[in-house]
Amino acid sequence: MKLPLPISTYKLDATQASARRLVNCYIEQVDAKSPVVLKRSPGIKPWGTVGTKGRGLHADTRTGKLYAASGNSLYRVSTDGIGTALGTIIGDGMVSMDNNIDSVVCVTNPQAYYYNGTFGQITDPDFTSRGASQVKFLGNWMLFLEPDSGRQFGANFGTVTNFDALNFATAEGSPDNTNQILSDKQQLVQLGSVSTEIAYNSGRSGYPFERLPSGGDFNLGTPATMSGALIDNTFGFLASDFTVRLLRGVTPVRVSTHAIEEAIRSLERKDDAIGLAFTLTGHLFYALNFPSGERTFVYDVTTQQFHEVGSYIDQNWQVVSVAAAYGKILVQDGATGRIGELDPGYYAHWDEPQVMSWTYQSVYAENETAFHDRLEIIGTKGVGLISGQGFDPQIMLEVSDDGGKTFRMFSSRSLGKMGEYKWRVFWDQLGSSKDRVYRCSVSDPVEVAIMDTQLYTRGGRV
């Protein structure tokens, strides 16, 4: 019988109905013997280390240059990963950054700084009387979120350092605080704690931002100040009901499954969720990282499926920011200030092994005993390296007979040394079970693509 490949992460604990799980791998739809192929997630190739603690990346949309907030400094990062300190920024939390035609602005709550060839702090009294927690550029306006309020305000048109006390607007749909602001297509999305309001540039004199006259608000917000990210001409965000949503037009479309939502609800903290969006190998990914909860869920907008990513030591990514610069997708480590490149041909997370793991749906024999004679995995073969780890790459098999609660290890099998393209990966005499779950993993730094799995059984009713 054909054992279907797991196409998404569904189960995150042993109490739920499905055992499927994808860690550091995702599906790709193909026109081949199998409709989908299970592929290894991109690794993180070391690129540079800037500062001591990653607090945010920003690619200047005008010049293409990369800026990094790390430790207590703002850096400009060259094409070879070397950082030049531009000035001192206070605090140790995440930094919000954006740019207009001549300046990069970074906000550390409540202070804000700018760099336009010269580094400085924004000191206009109409700014300092409010302070800011975030910044976004929209239509030649540099817009700021006032902390612990429902108000956003702007620097004077075309500037970043001059302010007028009348340049502000309040989200009026609900009296909750605004947690995050996002901008795209001349619209400003104001995600509150339990509601969202969308403003647009109405063109009126003075401060022109007003709520959309139709469909400009809805009764969902976000518990986190950094969960929203721009992807596929829309926004992904963690909603206040702990669903994952994509904003399509003015409608927050639910994309998460019940199991993903239950896993999010089980986390002690949701307010530290970080949204990360990037496009790679033709896939549009929205990652939702929970640093304290040690989970990172990734929604593939292209296939509309979830998978997970994590390091060898931690269950989640240590990535806190992502930026497209210098022809690369660059990510920042929150703990160390390292900057790495997401690379589909690199099979590690910086200097840690990347363990690719996939768990199949349970093989349930309807409470009868089924004998499992052979499990065969069809995929890439002969992918061994010339020397070192990966010279004879191994695929590991674990088996659970209690629905995925506990697993036991079977002996590993070779994926084939270099050039052994006729190599077959299979296990014989796997015993009997009424409810069997198979889990496979690869930690060697080699390409892995799984196209099919065949299971040969006797007895039972599977």
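Things worth noting here:
- The one condition in (1) closer than 26 Å to Gly228 by Cα; (2) assigned to a loop (DSSP other than H, G, I, E, B) that Met97 fails to fulfil: (2)
- When residues of the range 186-241 are limited to those that are charged (D, E, K, R) and over 24 Å from Phe163 (Cα atoms), the one modelled with the lowest pLDDT: Asp232
- Residue count for the range 1-56, restricted to those that are modelled with pLDDT of 80 or more and either small (Gly, Ala, Ser) or assigned to a strand (DSSP E or B) (or both): 27
- Residue in the range 402-424 that is closer than 17 Å to Pro4 by Cα, basic (Lys, Arg) and within 30 Å of the chain's Cα centre (by Cα) present: no
- Residue in the range 123-140 that is farthest from Ser174 (Cα to Cα), counting only those that are in a strand (DSSP E or B) and at pLDDT 95 or above: Phe137
- Qualifying residue in the range 58-80 (condition: of a type in the set (Lys, Arg), at pLDDT below 95 and not in a strand (DSSP E or B)): yes
- Boolean, Gly236 is small (Gly, Ala, Ser), in the same structural domain as Glu146 (by TED's automatic domain parsing) and within 19 Å of the chain's Cα centre (by Cα): yes
- Taking the range 147-256 and the strands (runs of 3 or more DSSP E) fully enclosed by it, the elements with 1 or more residues that are among the aliphatic types (A, V, I, L, M) and out of contact with any helix residue (DSSP H, G or I) (no Cβ under 9 Å at 6 or more places or on another chain) are at 163-170, 178-184, 187-192, 196-201, 229-231, 244-248, 251-254.
- Within the range 402-426, residues that are under 16 Å from Glu447 (Cα atoms) reach partners that are at pLDDT below 90 and among the hydroxyl-bearing types (Ser, Thr, Tyr) with beta carbons closer than 9 Å, at six or more positions or on different chains, in the pairs Leu415/Thr380; Gly416/Thr380.
- Note on the range 147-185: residues that are touching a Phe, Trp or Tyr at 6+ places or on another chain (Cβ under 6 Å) and either on the phi > 0 side of the Ramachandran plot or crowded, with 20+ Cβ neighbours inside 10 Å (or both) amount to 8.
- Note on the range 63-75: among residues that are under 13 Å from Tyr326 (Cα atoms) and over 22 Å from the mean Cα position of the chain (by Cα), the one that is surrounded by the most Cβ atoms within 10 Å (Cβ to Cβ) is Lys65.
The values are calculated or read from the model by the stated rules, or taken from the named source; none is laboratory data. Keep in mind that what you see is a predicted model, and the values were worked out from it rather than measured. FYI the Cβ positions are ideal-geometry reconstructions off the backbone, even for glycines, and counts take in every protein chain you see.
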